[in-house]
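Novice: Shown below is the structure under consideration.
The values are calculated or read from the model by the stated rules, or taken from the named source; none is laboratory data. This is a predicted model, so every value here is computed, not measured. Glycine also receives a Cβ, built like all others from the backbone with ideal geometry; neighbour counts cover every protein chain displayed. Please note that ligands, DNA and RNA were not included when accessible areas were found on the heavy atoms of the full protein model with its side chains. Shrake-Rupley method; radii C 1.70, N 1.55, O 1.52, S 1.80 Å.
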Amino acid sequence: MASRKPIVAGNWKMNGSVELVTSMADTLKNASNNKIDVLIFPPFPLLSKALESGIVAGAQTVSQEDAGAFTGEVDAKLVAELGCKYTLVGHSERRSIYGESNDDVAAKFEKAQQHNLTPILCVGESEEQREQGLTESVVSEQINAVINKLGVAALVNSVIAYEPVWAIGTGKTASPEQAQQVHKFIRDEIAALDVVVSQNIALLYGGSVNDQNSELLFAQADIDGGLIGGASLKPNAFVNICNSAQRNA
Ligand code: 13P
């Protein structure tokens, strides 16, 4: 039997403030989220404040290095030491703006797990790739970079977020059917290697999720929650999204 607990995670990207941490913490305290895990990925300087405020918080990225002369980078060990349990790896903005390759992302994934952080591996195709019918091969290559380096067992303590690049920040959400189709593809690919791992891994959808479309997305069989950008900056909308995951849990 599968034992997947839904996750709703807010990725604040380079947004947010001390004040937003406080209002998010207050709003989340009054919400009942006992059947799901709720996480926030704020900018690094807000991590301690978020954790102290009772928010389950994680890093938006970590370095693939342990320590040293890497100005501006943050290492996984320090993130774990603060009390974080999760980090995103391979978000599409890290891939496209900062040039992270599939190999870099796999190295970050490994480093996160070495320091007991659960990596949320972000994958997804561009609009052009979708139009060319490359969605499955792109997603599969992004996931296989991790499996080839670390083995399918490495997916046990991880989460995968499918975020089609064309749906991120555009207001163009994948339809529940489109999203489910890719999620099922991902689960089937993993099942071909290990059925138990495939049944237990949480697969999140991300890309213009809001409190109007979350209910139908989370009702899909292989969608185990969401990775939310813009709507996670509005505490009430974010709690509404959490509530739809809670109803579908
Ligand atoms: P939006 O929800 O703003 O489209 O962002 C999605 C995302 O990139 C979350 O990581």
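Novice: Quote to one decimal, in nm, the extra length available between Glu19 and Ser48 on full extension: 0.36 nm per residue of separation minus the C-alpha distance between them.
Specialist: 9.1 nm
Novice: Hey, what's the per residue convex hull volume over the C-alpha atoms of the range 17-153, in cubic angstrom?
Specialist: 145 Å³
Novice: Let me ask something else about it. For the range 85-185, what is Rg from Cα atoms divided by 2.2 N^0.38 Å, rounded to two decimals?
Specialist: Scaled against compact globular proteins, the figure is 1.05.
Novice: Given Lys49/Lys149; Lys35/Lys149; Lys35/Lys172; Lys29/Lys149; Lys5/Lys29; Lys29/Lys77, which pairs have Cα atoms separated by over 31 Å?
Specialist: From Lys49/Lys149; Lys35/Lys149; Lys35/Lys172; Lys29/Lys149; Lys5/Lys29; Lys29/Lys77, over 31 Å: Lys49/Lys149; Lys35/Lys149; Lys29/Lys149.
Novice: I would also like to ask the following. In nm, what is the difference between 0.36 nm times the number of residues separating Arg4 and Ala192 and their Cα-Cα distance?
Specialist: 65.8 nm
Novice: When you count, for each residue, the other Cβ atoms within 10 Å and take the mean per peptide, how do 68-75, 121-128, 141-148 rank with the highest first?
Specialist: Those peptides, ordered most packed to least, come out 121-128, 141-148, 68-75.
Novice: For Phe41, what residues show an amide H to amide H distance below 5 Å, using hydrogens built from the backbone and excluding near sequence neighbours?
Specialist: Gly10, Asn11, Trp12, Gly58
Novice: Restricting to Cα pairs below 8 Å that are 6+ residues apart, what does the relative contact order work out to for the chain? Please round to a whole percent.
Specialist: Worked out over the chain, it gives 23 percent.
Novice: I would also like to ask the following. Can you send over the carbon and sulfur percentage of the accessible area for the chain, probe radius 1.4 Å, protein chains only?
Specialist: 49 percent
Novice: For Lys85, which aspartates and glutamates qualify as cross-link partners when the Cα separation must be under 15 Å and same-chain residues fewer than eight apart are set aside?
Specialist: Asp37, Glu52, Asp75, Glu110
Novice: Using only the alpha carbons, work out the radius of gyration and Dmax of the chain in angstrom.
Specialist: Cα only, the chain: 16.7, 47 Å (Rg, Dmax).
Novice: Stretch Asn33-Phe70 to full length: gain in nm at 0.36 nm per residue minus the Cα-Cα span?
Specialist: So the extension gain works out to 9.5 nm.
Novice: With every protein chain kept in place and ligands, DNA and RNA left out, what is the accessible area per residue of the chain? Probe 1.4 Å, answer in Å².
Specialist: Result: 45 Å² of accessible area for each residue.
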